[in-house]
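Only one structure is covered here, and it is reproduced in the block below.
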Amino acid sequence: MHISNGYAPLTPKNEFYDELLEETQAIVEGQTNWVTNLANASAVIYHGLRSLRHFQEKPINWAGFYIIDKNDSNKLILGPFQGKVACTEIAVGKGVCGTAAQLMQTQVIKDVHAFPGHIACDSASNSEIVVPMILDGRVIGVLDIDCEKLEGFNEDDRIGLEAIVKVLIKSSEWTQ
């Protein structure tokens, strides 16, 4: 397994995501445990995005996963992540994460303070992207990334992160 984590700061986002996808494929190769794969993926995503010049002035401040609670399918619980202490539970349909889970659609939020019902786990966050993790037609969790910069995420991020989530879903066994 080759892991670089050495991204050139001026790498265009679409090229960065191609490299990040390859790195994600490398870290899950031969590993099917979902906790292990999401833990390593959160580290690769967090540190990779923080290395880009686009995010150096106002960096990514959180990257991780919320997983549907096996005892309550209307609740997301905190999974593997990188960043400050986080909210431990989010109701499906509440905040950006809960909305992405409910709608089963990626949410690219340019200004979280303008999002109705935004849940502020870290007051430094100004933009957010949340990608739902869908397996067999049902949401099993979400990938959540926060940025201190307004308009920190765009279409390149959506496309790149959705591809990474597909790799994580396909490579892992989803038993809780």
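The values are calculated or read from the model by the stated rules, or taken from the named source; none is laboratory data. Everything numeric here is computed off the predicted structure, so don't read it as measured data. Positions of Cβ are backbone-derived with ideal geometry, glycine not excepted, and every protein chain shown enters the neighbour counts. Side chains included, ligands, DNA and RNA excluded: accessible areas come from the protein's heavy atoms. Shrake-Rupley method; radii C 1.70, N 1.55, O 1.52, S 1.80 Å.
At-a-glance table
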quantity: Residue within the stretch 41-56 that is part of a loop (DSSP other than H, G, I, E, B) and of a type in the set (Gly, Ala, Ser) present; calculated: no
quantity: Selection from the stretch 100-121 of residues that are touching a strand residue (DSSP E or B) at 6+ places or on another chain (Cβ under 6 Å) and either of a type in the set (A, V, I, L, M, F, W, C) or open to solvent by less than 70 Å² (accessible area, probe 1.4 Å) (or both); calculated: Ala100, Ala101, Met104, Thr106, Gln107, Val108, Ile109, Val112, Phe115
quantity: Residue check, Ala91 open to solvent by less than 60 Å² (accessible area, probe 1.4 Å), over 17 Å from Phe153 (Cβ atoms) and over 13 Å from the mean Cα position of the chain (by Cα); calculated: yes
quantity: Residue ID - most open to solvent (accessible area, probe 1.4 Å), chosen from residues in the stretch 136-153 that are out of contact with any Gly (no Cβ under 9 Å at 6 or more places or on another chain) and not charged (D, E, K, R); calculated: Leu150
quantity: Residue in the stretch 5-16 that is aliphatic (A, V, I, L, M), at pLDDT below 95 and over 20 Å from Gly141 (Cβ atoms) present; calculated: yes
quantity: Count of residues meeting criterion [outside any strand (DSSP E or B) and among the hydroxyl-bearing types (Ser, Thr, Tyr)] in the stretch 72-88; calculated: 1
quantity: Enumeration of residues in the stretch 108-133 that are over 17 Å from the mean Cα position of the chain (by Cα) and either in a strand (DSSP E or B) or free of Cβ contacts under 8 Å to residues at least 12 places away in the same chain (or both); calculated: Ala114, Pro116, Ser123
quantity: Scan of the stretch 154-174 for residues that are open to solvent by 10 Å² or more (accessible area, probe 1.4 Å) and without any contact (Cβ under 8 Å) to a residue 60 or more places away in the chain, ordered by number; calculated: Glu155, Arg158, Glu162, Lys166, Ile169, Lys170
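One line per residue, one yes/no per condition, for (1) modelled with pLDDT under 95; (2) more than 14 Å from Gly141 (Cβ to Cβ); (3) in contact with a Pro (Cβ under 7 Å, 6 or more places away or on another chain):
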residue: Ala39; (1), (2), (3): no, no, yes
residue: Leu49; (1), (2), (3): yes, yes, no
residue: Leu78; (1), (2), (3): no, no, no
residue: Lys84; (1), (2), (3): yes, yes, no
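Residues checked against (1) within 22 Å of Thr99 (Cα to Cα); (2) of a type in the set (S, T, N, Q); (3) buried (at least 16 other Cβ atoms within 10 Å of the Cβ):
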{"site": "Leu20", "(1), (2), (3)": "no, no, yes"}
{"site": "Thr24", "(1), (2), (3)": "no, yes, yes"}
{"site": "Gln31", "(1), (2), (3)": "no, yes, no"}
{"site": "Thr36", "(1), (2), (3)": "no, yes, no"}
{"site": "Ala41", "(1), (2), (3)": "no, no, yes"}
{"site": "Trp62", "(1), (2), (3)": "yes, no, yes"}
